[in-house]
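Asker: I'd like to ask some things about the structure below.
The values are calculated or read from the model by the stated rules, or taken from the named source; none is laboratory data. Since the model is a prediction, treat every value here as computed from it, not as a measurement. Here the Cβ positions follow ideal geometry from the backbone for every residue, glycine too, while neighbour counts run over all protein chains shown.
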Number of protein chains: 2
Amino acid sequence: MTNNDDDIEDVPAPSSDGWPERYFAVIFTNQRTLANDDMYSLTSDRMVELAQQQPGFLGVESVRGEDGIGITVSYWRDRAAIRNWRVNVEHLAAQQMGRQEFYSWYHLRVAEVVTHRSFDAGDMVSGV
Amino acid sequence: MTNNDDDIEDVPAPSSDGWPERYFAVIFTNQRTLANDDMYSLTSDRMVELAQQQPGFLGVESVRGEDGIGITVSYWRDRAAIRNWRVNVEHLAAQQMGRQEFYSWYHLRVAEVVTHRSFDAGDMVSGV
């Protein structure tokens, strides 16, 4: 390490879990309607399951707050993998339901990850 | 519009609010400890206020779930703006508190946004 933050790894990506040096993030920010909670949960869980089976899928992080605003960030090896996932037939049906039922608005951004740093308090304690 | 999703705008960025065609996202995924809720709220609010005053700041989206996992995505005009914000003196102190008190782990990724699509159900109703 050459900086002062000796508890931070400043690397392009966590090589330990086999991610490539450069990869892409899909940043999905959205506002849930109040409608169809059960159908939403079913659909959302299925989409995560299905995404994980797609070629080039790396990982996903997803949070929803009490106000119904959610951010889901999924990570992909390249833009071709994102395009393939976008036109998956079952995913297309879910996207249509999303616009008709689940979301009052959303933003969907594709971005190329250029740096990645991580911190784990457990590493500090254990000295790993 | 040339695709079938006539309710979706497929544009590099929302030009209406003056964002540049290409810009950068800082994706901050984190797990809150159970400690120091009041100090965390004060610090977090102050950092959003301070970030908004930085040159090159475009916007921020932030969500925390009941399990204490949070995702904050901030948007910046270029990487120089991100570097300047990273070394802001008050922000550096907050980062140190973050590692010592607020977060059990975090991931911090910088990514270049290459496409941006948005949806607003209100636009469908009004026909805008």
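Asker: Any chance you could count how many residues in the stretch B:42-90 are assigned to a strand (DSSP E or B) and within 13 Å of chain A (Cβ to nearest Cβ)? So that I can check it myself, show each step before the final result.
Answerer: Residues of the stretch B:42-90 that are assigned to a strand (DSSP E or B), as a first pass: B:57-64, B:69-76.
Within this subset, residues satisfying the condition of being within 13 Å of chain A (Cβ to nearest Cβ) are B:58-64, B:69-76.
Of the residues in the stretch B:42-90, 15 are assigned to a strand (DSSP E or B) and within 13 Å of chain A (Cβ to nearest Cβ).
Asker: Okay, next question. Given the structure, is B:Arg117 under 20 Å from A:His116 (Cα atoms), within 13 Å of another protein chain (Cβ to nearest Cβ) and out of contact with any Ser or Thr (no Cβ under 8 Å at 6 or more places or on another chain)? So that I can check it myself, show each step before the final result.
Answerer: Working: under 20 Å from A:His116 (Cα atoms): no; within 13 Å of another protein chain (Cβ to nearest Cβ): yes; out of contact with any Ser or Thr (no Cβ under 8 Å at 6 or more places or on another chain): yes.
In short, no.
Asker: Now a separate question. Determine, yes or no, whether B:Ser104 is among the hydroxyl-bearing types (Ser, Thr, Tyr), surrounded by 15 or more Cβ atoms within 10 Å (Cβ to Cβ) and within 7 Å of chain A (Cβ to nearest Cβ).
Answerer: Details: among the hydroxyl-bearing types (Ser, Thr, Tyr): yes; surrounded by 15 or more Cβ atoms within 10 Å (Cβ to Cβ): yes; within 7 Å of chain A (Cβ to nearest Cβ): yes.
Yes; evaluated as a whole, the condition is true for this residue.
Asker: Working only within the stretch B:58-80, note down all residues that are more than 14 Å from A:Thr29 (Cα to Cα) and either surrounded by 18 or more Cβ atoms within 10 Å (Cβ to Cβ) or basic (Lys, Arg) (or both).
Answerer: Those that are more than 14 Å from A:Thr29 (Cα to Cα) and either surrounded by 18 or more Cβ atoms within 10 Å (Cβ to Cβ) or basic (Lys, Arg) (or both): B:Leu58, B:Trp76, B:Arg77, B:Arg79.
Asker: Moving on. Could you list, in sequence order, all residues of the stretch A:21-42 that are free of Cβ contacts under 8 Å to residues at least 12 places away in the same chain and among the hydrophobic types (A, V, I, L, M, F, W, C)?
Answerer: A:Leu42
Asker: Name the one entry in A:Val73, A:Val113 that is modelled with pLDDT of 95 or more and touching a Phe, Trp or Tyr at 6+ places or on another chain (Cβ under 6 Å).
Answerer: Within the list A:Val73, A:Val113, the selection yields A:Val113.
Asker: Only one of these conditions is not met by A:Ala111: (1) part of a strand (DSSP E or B); (2) more than 8 Å from chain B (Cβ to nearest Cβ). Which number is it?
Answerer: (2)
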